[in-house]
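Step one of this worksheet: look at the structure below.
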Amino acid sequence: MKITVIGTGFVGVVTAAVYASFGHTVFGLDIDPNKIAKLKKFQPPFYEPQLEELLKKTQTKGWLHFTDNYREAVADSEVIVIAVGTPSNQDGSVNLDYLHSAIDSMIPYLKEKVIVVVKSTVPPGTFADLAERIKSQTQVAFELASVPEFLREGTAVQDTLNPDRVVIGTTSQSAFTVLESLHKPLKAPIIKTNPESAQLSKYTANAYLATRITFINQIADLCEKSGADVEEVIRVIGLDKRIGSHYWYPGPGYGGSCFPKDVKELAHYSIKAGEVDNLFVKIDQLNEKRLGKLFLSYEQLVGGFKDKQVAVLGLAFKPDTDDMREAPSLQFIPKLIKAGAKVMGFDPVAMNNAQNVFQTEIEANQLSLTGSVLEACQGADVILLLVEWPEFISFDYGLVRDTHKKQWLIDTRNRLPREKVKNLGFVYRGIGA
Ligand code: UGA
């Protein structure tokens with residue numbers, strides 16, 4: 001079967017490579033020729049473990065192809081998967097410009113009875129407009145299906161190969177049959193829903209996980225005020241099978257390219273649907289305020305950052321990715337600089353992106369990007385751990401302990417061995433204790 005995947009972000013590239021690994025002929029399409037040139041050389045345009053090997057294997061076998069040419073990618077395709085970005089507008093509503101542009105560009109080359117799969121995250125109701133948009137430009141018969149994606153960055157290949165479920169939202173039985181057989185090799189439960197349920201399921205999953213994180217962050221704040229320890233609280237309630245201890249470690253709030261935008265879009269959708277008083281607006285507000293609130297508490301803790309040397313460990317939004325969208329470093333570093341600190345930053349894989357993002361600060365000598373954890377922490381008054389990379393957790397902080405001065409170790413992920421670093425003489429501050 002010939003399949004086209006439009007968009008070569010995380011979802012697009014990984015989806016294309018996984019479908020190709022089943023032996024289908026897959027064309028990955030992007031309008032950015034630089035991305036296509038890299039992908040043809042097996043280089044993902046972003047850091048993602050295991051992806052390079054999969055790109056190499058599927059392209060070498062002749063199953064996967066990349067192009068910036070719509071005709072080449074779309075002509076004769078039975079299934080077209082749209083995986084372009086759907087960012088938020090200023091008011092939190094979803095921006096469908098990339099989706100519309102992909103649809104308009106593919107229409108001239110559509111094959112009769114093509115199945116158009118929308119993998120991009122879109123709110124319920126979108127399909128009526130999309131169907132109209134396609135019908136107004138072509139006579140070709142087509143079916144629409146919503147197959148949302150649940151992969152995480154950093155584990156995208158494994159998540160796509162081993163999903164908890166596959167959701168196929170369509171009103172067409174024939175489209176469902178084709179898509180069901182396409183996803184069969186994944187050995188995951190396949191759920192048929194209407195398109196609206198599939199679309200809302202995606203927002204529901206992300207908003208629920210974001211709510212869990214915000215909830216535990218609020219409990220962490222109460223722990224700090226009450227003498228309780230959030231890690232002990234999680235251990236206690238986690239044994240309740242209805243609750244569980246997974247996926248709600250407290251921290252600096254959720255970031256990345258998905259949760260912040262999806263919660264905002266769900267909040268906006270709720271208000272539009274007449275649910276003005278809704279949880280999602282509050283979750284978004286609480287998360288938006290979290291970093292500022294933490295920064296003030298750290299400023300108080302260290303007696304102001306003026307003339308302090310601060311090591312910032314972790315510049316992307318989480319480990320195993322170089323994605324800096326909504327990363328805590330984007331707020332902390334400018335705030336530290338404004339408060340008069342000299343900042344040393346390090347990240348195991350996001351240094352190139354950080355170089356671009358913080359070019360002004362680097363040129364003004366307010367921020368130095370270093371080559372290692374050791375280099376970042378050498379001479380630091382304050383070490384601020386923003387991302388839980390294993391190499392930050394296992395690092396021997398004794399190597400940078402200067403017994404002639406007071407030094408603070410701030411662990412925004414609660415992952416460092418507290419007693420050990422306290423015994424080294426650092427003033428330790430975690431979350432929720
Ligand atoms: C998230 C979802 O987990 C995926 O299922 C979904 O497919 C994806 O969004 C998407 O919509 O495309 P991702 O953004 O890659 O995936 O990252 P997560 O690992 O879920 O983390 C999101 C944020 O929550 C990060 O800032 C992370 O540090 C934070 N987090 C996560 C916590 O603060 N505590 C936790 O317990 C877990």
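Values in this text are rule-based calculations from the coordinates and carry no lab data. Just so we're clear, the structure is a prediction, and the values are computed from it rather than from any experiment. Ideal geometry is used to build each Cβ from the backbone, glycine not excepted, and the neighbour counts take in all protein chains shown.
Between residue 378 and residue 155, what's the calculated FRET efficiency when r is the beta-carbon distance and R0 is 30 Å? Round to 0.05.
Between residue 378 and residue 155 the formula returns 0.40.
Let a ≥ b ≥ c be the square roots of the eigenvalues of the Cα gyration tensor of region 284-433; is it rounded (a/c under 1.5), or, if not, prolate (a/b larger than b/c) or oblate?
It is rounded, given that a/c, with a ≥ b ≥ c, falls under 1.5.
Relative to the longest principal axis of the C-alpha atoms of the chain, give the angle of the C-alpha long axis of helix 51-60, reported between 0 and 90° and rounded to the nearest 10°.
Relative to the chain, helix 51-60 is tipped by roughly 30 degrees.
Angle check, please: helix 173-183 long axis (alpha carbons) against the longest principal axis of the chain (alpha carbons), in degrees 0 to 90, nearest 10.
Taking the Cα atoms of the chain, the angle to 173-183 is about 50 degrees.
Decide, for region 207-257, between rounded, prolate and oblate: order the square roots of the alpha carbon gyration tensor eigenvalues as a ≥ b ≥ c, take rounded if a/c falls under 1.5, and otherwise choose prolate if a/b is larger than b/c, else oblate.
In terms of gyration-tensor shape, oblate.
Looking at the square roots a ≥ b ≥ c of the eigenvalues of the Cα gyration tensor of region 235-356, which shape do they give, rounded for a/c under 1.5, prolate if a/b is larger than b/c, or oblate?
Since a/c reaches 1.5 and a/b is larger than b/c, the shape of region 235-356 is classed as prolate.
In terms of the ratio Rg/(2.2 N^0.38 Å) built on C-alpha atoms, what value belongs to region 1-78?
It is 0.95.
Per the Cauchy relation, a quarter of the hull surface: what is the mean projected area of the convex hull of the alpha carbons in the chain, in nm²?
The Cα convex hull of the chain, projected and averaged over all directions, gives 22.3 nm².
Could you calculate the contour length gain from residue 245 to residue 192, that is, 0.36 nm times the residue separation minus the distance between their Cα atoms, to one decimal place in nm?
16.1 nm
Order by neighbour count: 132, 153, fewest other Cβ atoms within 10 Å first, most last.
Ordered by Cβ neighbours within 10 Å, fewest first: 132, 153.
Which residues' amide hydrogens lie under 5 Å from the amide hydrogen of residue 146, considering only partners 5 or more residues apart or on another chain, with H built in the peptide plane?
Counting only residues 5 or more places away or on other chains, the set is 118, 169, 170.
How far is it, in nm, from the label point at residue 60 to the one at residue 338 when both lie 7 Å from their Cα along the line to the Cβ?
Distance between label points: 5.1 nm.
With each pseudo-label sitting 7 Å past Cα toward Cβ, what's the residue 162-residue 225 distance in nm, one decimal?
Modelled inter-label distance: 4.1 nm.
Order these by the 10 Å Cβ neighbour count, fewest first: 381, 411.
Going from sparsest to densest Cβ surroundings: 381, 411.
Starting at the first residue of region 33-50, write each ³J(HN,Hα) from the Karplus equation 6.51 cos²θ - 1.76 cosθ + 1.60 with θ = phi - 60°, in whole Hz, x for Gly and Pro.
x, 5, 5, 5, 4, 5, 4, 5, 8, 6, 9, x, x, 8, 7, 8, x, 6
Could you pull out every residue, at least 5 positions away or on a different chain, whose amide H is within less than 5 Å of the one on residue 309? Hs are placed 1.01 Å off N in the peptide plane, and Pro or chain starts have none.
342, 381, 382
As a footprinting exposure proxy, order 415, 235 by other Cβ within 10 Å, with the fewest listed first.
Taking fewest neighbouring Cβ atoms as first place, the list is 235, 415.
Which entries in 2/184; 272/335; 61/192 show an alpha-carbon gap greater than 26 Å?
From 2/184; 272/335; 61/192, over 26 Å: 272/335; 61/192.
Report, in degrees rounded to the nearest 10, the 0 to 90 angle that the Cα long axis of helix 259-272 makes with the longest principal axis of the chain.
On a 0 to 90 degree scale, this one is about 60.
Under the rule of -39500 (n - 2.57) per DSSP H run of 4 or more residues, summed and divided by the residues of the chain, what mean residue ellipticity at 222 nm is obtained, to the nearest 500 deg cm²/dmol?
-13000 deg cm²/dmol
Can you tally the net charge around residue 430? Count Lys and Arg as +1, Asp and Glu as -1, for every other residue whose Cβ sits under 10 Å from the Cβ of residue 430.
Local net charge: 0.
Using 0.36 nm times the number of residues separating residue 41 and residue 401, minus their current alpha carbon distance, what extension gain do you get?
125.2 nm
Taking the Cβ of residue 50 as the center, what net charge do the other residues with Cβ under 14 Å away carry, scoring Lys and Arg +1 and Asp and Glu -1?
Result for the neighbourhood of residue 50: -3.
Hey, with R₀ at 22 Å, roughly what FRET efficiency would residue 140 and residue 101 work out to, going by the Cβ-Cβ distance, to 0.05?
Approximately 0.70, to the nearest 0.05.
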